[in-house]
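The values are calculated or read from the model by the stated rules, or taken from the named source; none is laboratory data. All values reported here derive from a predicted model rather than from experimental measurement. Methodologically, a virtual Cβ is constructed for each residue, glycine included, from the backbone with ideal geometry; neighbour enumeration extends over all protein chains shown.
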Amino acid sequence: MEYKLLYKTGIVVIGAGQAGLSSAYHLKKLGLVQGRGFVVLDQSAQPGGAWQYRWPSLTLSTVNRIHDLPGLAFSDTVNDNSPQVQANIAVPHYFEVYERTFDITVYRPVGVKVVCERDGRFRVETDRGFFSAQGIINATGTWEAPYIPEYPGADLFKGRQLHTKDYQTADAFAGKHVVIVGGGISAVQLLDEISQVTTTTWVTRRPPLFREGSFSEEEGRAAVAAVEERVRKGLPPASVVSVTGLPVTPAIEAMKARGVLERHEMFSEITEHGIRWADGREMNADVILWCTGFRSSLDHLMPLMLREENGGIVMTGRLATMVAKEPRIHLVGYGPSASTIGANRAGRAAATELTEYLGLRD
């Protein structure tokens, strides 16, 4: 296609999920004008970020937690407070109301293909044209980068392999033996649902960590800080849940009572008809469901060579949103801000530090 310049602007915010909207809110609060001061791009056709793609059975009662965006409480936008309201409807509605309330213009659907440097500025090439910016706030999150580890024999398996991102309903697996891989919140939620309609086997790399009692705000900040410490060292970020553990909910107690939470150690290879452990034990399976998380969706930034040899990115700044190699780029929704616990604070920090660094504020 013939690329044309759509905007020459101060800051391009890539992504309009929670971290992107938080960044846009604070950029406006700092006095930047949309268009000339900053633009927000989103690849989805409507508001909602990754929430709009979550499976239908994820409801307000089963979701881990929905944190308020700055200036508008989620509860103020929910018409139906019943716990069975689908998260993939309620949260996108919240984001839509938020954009309208604070007059945040989001250009969509606009898919960012690549970001490179041109004459001291950043050229953001999209499927609609290109933008020229002084700085970037990248808020692309992780949903577009599902992670499935490589295991010997994966290409031989005659059953079905899919990722959390592909999941819709448990009924699709009725009558099949499903191996669920992963020890995070999503893995346990899907294990609960699928085990009620068919036979399941739960496999994790390490024994799952269950946490009793409520999770305080202070504990949440401590968990984010632990992940932040990694990215400041340039290590690949760990998930926040790897620090917090799995909360013991009534659903978890019910799963224990049903005998569903019998965890098996990780298999060593995949066979034509199932899985095999290192000691030679084998198990037939029809489906392998990889609940193995996501990686940061940053391929469009590859020309900027931000990563270290170990695959991590050295982060700095007040809340570790600034790329040490390139202070004109901030990553929100990366590392400590990849969860909703840290996304809002990261948006504020990125907006504040980047506008100051670029001299876009008086």
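If you go through the range 150-168 and keep only what is surrounded by fewer than 22 Cβ atoms within 10 Å (Cβ to Cβ), of a type outside the set (D, E, K, R) and at pLDDT 95 or above, you end up with TYR151, PRO152, GLY153, ALA154, LEU156, PHE157, GLY159, GLN161, LEU162, HIS163.
Would you say ARG108 is surrounded by 14 or more Cβ atoms within 10 Å (Cβ to Cβ) and over 27 Å from GLY359 (Cβ atoms)? Here the answer is yes, as ARG108 does meet what is asked.
Go over the candidates PHE102, PHE157, PHE130 one by one and state the one that is closer than 29 Å to LEU306 by Cβ and more than 23 Å from the chain's Cα centre (by Cα).
Details: PHE102 fails: closer than 29 Å to LEU306 by Cβ; PHE157 fails: closer than 29 Å to LEU306 by Cβ.
Step by step, each of PHE102, PHE157, PHE130 is checked, and only PHE130 is closer than 29 Å to LEU306 by Cβ and more than 23 Å from the chain's Cα centre (by Cα).
Out of VAL40, VAL91, I need the residue that is surrounded by 15 or more Cβ atoms within 10 Å (Cβ to Cβ) and in a strand (DSSP E or B). Which one? Walk me through it before giving the result.
Details: VAL91 fails: in a strand (DSSP E or B).
Unique residue meeting the criteria: VAL40.
Residue-level check: of (1) under 26 Å from the mean Cα position of the chain (by Cα); (2) free of Cβ contacts under 8 Å to residues at least 60 places away in the same chain; (3) at negative phi, MET305 misses just (3).
Looking only at the range 174-192, decide whether some residue is touching a His at 6+ places or on another chain (Cβ under 7 Å) and either buried (at least 20 other Cβ atoms within 10 Å of the Cβ) or not assigned by TED's automatic domain parsing to the domain that holds GLY333 (or both). Spell out the reasoning first.
At the first step, the residues of the range 174-192 found to be touching a His at 6+ places or on another chain (Cβ under 7 Å) are none.
Scanning the range 174-192 turns up no residue that is touching a His at 6+ places or on another chain (Cβ under 7 Å) and either buried (at least 20 other Cβ atoms within 10 Å of the Cβ) or not assigned by TED's automatic domain parsing to the domain that holds GLY333 (or both).
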